[in-house]
1. Hey, any hits in the range A:29-36 for a residue that's touching a residue at least 60 places away in the same chain (Cβ under 8 Å), away from chain B (no Cβ under 14 Å), surrounded by 15 or more Cβ atoms within 10 Å (Cβ to Cβ) and of a type outside the set (D, E, K, R)?
2. Go through the range A:229-262 and report how many residues are β-branched (Val, Ile, Thr) and either more than 28 Å from the chain's Cα centre (by Cα) or within 8 Å of another protein chain (Cβ to nearest Cβ) (or both).
3. Report yes if residue B:193 is within 13 Å of chain A (Cβ to nearest Cβ) and either at pLDDT 95 or above or touching a helix residue (DSSP H, G or I) at 6+ places or on another chain (Cβ under 8 Å) (or both), otherwise no.
4. Among the residues of the range A:180-202, which ones are surrounded by fewer than 24 Cβ atoms within 10 Å (Cβ to Cβ) and more than 19 Å from residue A:131 (Cα to Cα)?
5. Of all residues in the range B:150-164, how many are more than 20 Å from residue B:178 (Cα to Cα) and surrounded by 13 or more Cβ atoms within 10 Å (Cβ to Cβ)?
6. Only one residue in B:134, B:142 is basic (Lys, Arg) and either at pLDDT below 95 or crowded, with 17+ Cβ neighbours inside 10 Å (or both). Which one?
7. Here is a check on your reading of the model: is residue A:5 touching a residue at least 60 places away in the same chain (Cβ under 8 Å) and of a type in the set (Asp, Glu)?
8. If we scan the range A:213-228, do we find a residue that is buried (at least 24 other Cβ atoms within 10 Å of the Cβ), more than 9 Å from chain B (Cβ to nearest Cβ) and at negative phi?
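The values are calculated or read from the model by the stated rules, or taken from the named source; none is laboratory data. Keep in mind the model is a prediction, meaning the values are calculated, not measured. Glycine also receives a Cβ, built like all others from the backbone with ideal geometry; neighbour counts cover every protein chain displayed.
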Amino acid sequence: MQMDEYYRNNAEFLDRMRHITCFDHVQRVKGFVAEFLSTPQNPEDASSTVRDFVEEMAGMLSDHQLWREDGEDGYAQVSESLEKFLLQRLYNKVFTPLDSTDAEDDNQLYLSTRRLQFITPDHLDIPSRPLNKVAFHLAAEELAKLDSSKFSSPWEKLVCILNSISILSNLLKHYGADEGTGADELLPYIIYTLILLSPKHMYSNLRYVQRFRSESKLRSEAAYYYTQMESAVLFISNADHKSFTISPDDFARGMREGRRSL
Amino acid sequence: MASRGGSAHRANGSRDKICHFKLVLLGESGVGKSCLVLRFVKGEYSDHLEATIGAAFLTQTVNLDDTTVKFEIWDTAGQERYHSLAPMYYRGAQAAVVVYDISDGDTFVRAKNWVKELQRQASPSIVIALAGNKADLKDIRKVHIEDAQSYAEDNGLLFMETSAKSDQNVQELFLAIANKLPKSASGSPRTGTLEPNVSDRMRQQGNGGCCKS
């Protein structure tokens with residue numbers, strides 16, 4: 001689905017919800033938001049509560065006269081728009097929830113990437129290519145959008161991740177169409193982009209997508225590239241000198257300097 | 001007979017079942033995992049891929065007599081330093097292709113380790129295929145076909161020597177996997193999904209759901 005289509009569907013959804021025959025549905029949605037915000041919930045319960053409500057409400061709305069003729073597509077679009085509508089309102093409560101380790105994990109990853117600033121593409125066996133630098137910066141820029149307030153729905157966050165990886169993948173396609181470019185080549189690029197960016201809320205973003213992007217909608221290619229990002233994050237979290245092509249001494253020296261600069 | 005890249009529906013109607021399967025690719029870096037899949041998907045040794053973000057994730061359908069199998073192929077980074085990340089990729093996979101290079105004995109050792117790990121940690125019903133790739137390099141072969149064959153038999157694996165370069169046994173390998181996969185209870189049902197598409201192109205996901213008629 002394209003971005004503009006996503007926003008068009010959203011506008012259409014909000015428009016229809018203003019129709020007089022949707023009054024009761026709107027009240028239910030408002031009631032849900034109010035109750036959710038006033039009830040303490042652990043992250044797992046919060047995720048299933050929201051998902052269940054989206055599913056139930058999307059089912060009701062797609063039976064409603066305004067949506068009835070849209071068929072299967074209608075249901076998918078309604079649930080997409082509902083997901084966005086609800087999570088925009090619940091965002092502050094469910095993003096980096098208090099009773100989770102998200103904030104701590106975010107900080108640990110941030111510190112790890114800061115300490116690893118001495119790592120160069122060579123240390124990840126990334127071949128030196130003229131366009132590497134540009135691609136890394138563009139990919140990091142895309143990934144940084146995860147923290148933009150403009151992109152607060154799980155779908156929009158997922159798109160930020162996929163767009164970032166897409167830039168790296170296009171670079172590899174440009175250079176390696178002959179031998180085929182697979183995960184062997186792509187993963188180191190993603191890892192280096194993460195180190196370059198030093199994101200502050202990466203775990204929060206990944207878990208937010210995982211918790212609130214319903215399973216039926218996080219699959220196939222999107223699920224694959226989400227996993228790529230998730231595994232790159234895990235790699236950095238657990239990194240030691242054996243993770244890179246570097247001598248233990250050089251690694252230790254780099255880490256010492258990295259710590260000092262923090 | 002397998003046919004490539006076709007639609008899920010036959011000309012004579014739409015009675016076919018469509019089964020979605022997640023297939024993970026494992027094997028040392030450089031054994032030609034991505035070439036093998038490129039060959040399977042595009043039918044050519046090298047070509048540009050338009051539909052997806054890159055060659056790390058690809059899909060391909062195989063038509064069997066009464067079902068259409070759609071493979072979602074997950075490539076993994078084969079370097080040793082990424083080994084511990086592999087479970088994130090093979091989690092939930094219904095099939096795995098473990099690739100080694102017949103001209104490099106170390107890659108066969110690595111492949112056997114992958115098989116062991118899959119048997120221990122992946123889904124118990126996973127269909128595992130062992131592919132001895134670069135079969136065109138038989139003049140400098142290091143891994144005897146008999147050794148690999150008997151290892152595969154002992155471990156209940158599908159086995160073929162393949163060559164992405166000379167298109168040997170590539171379609172056959174995936175067809176054999178498709179035939180061996182259970183067609184009744186895989187994956188989860190699908191609704192029309194709206195997946196974000198990176199390249200801002202609309203790609204329609206199959207609506208039929210796994211194994212729905």
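1. Scanning the range A:29-36 turns up no residue that is touching a residue at least 60 places away in the same chain (Cβ under 8 Å), away from chain B (no Cβ under 14 Å), surrounded by 15 or more Cβ atoms within 10 Å (Cβ to Cβ) and of a type outside the set (D, E, K, R).
2. If we filter the range A:229-262 for residues that are β-branched (Val, Ile, Thr), which is where we start, we get A:233, A:236, A:245-246.
Cutting the leftovers down to either more than 28 Å from the chain's Cα centre (by Cα) or within 8 Å of another protein chain (Cβ to nearest Cβ) (or both) gives us A:245-246.
Result for the range A:229-262: 2.
3. Yes: the conditions hold for residue B:193.
4. Answer for the range A:180-202, where residues must be surrounded by fewer than 24 Cβ atoms within 10 Å (Cβ to Cβ) and more than 19 Å from residue A:131 (Cα to Cα): A:198, A:199, A:200, A:201.
5. Qualifying residue count for the region: 1.
6. Step by step, each of B:134, B:142 is checked, and only B:134 is basic (Lys, Arg) and either at pLDDT below 95 or crowded, with 17+ Cβ neighbours inside 10 Å (or both).
7. Working: touching a residue at least 60 places away in the same chain (Cβ under 8 Å): no; of a type in the set (Asp, Glu): yes.
No.
8. Looking for residues that are buried (at least 24 other Cβ atoms within 10 Å of the Cβ), more than 9 Å from chain B (Cβ to nearest Cβ) and at negative phi, one finds at least one in the range A:213-228, hence yes.
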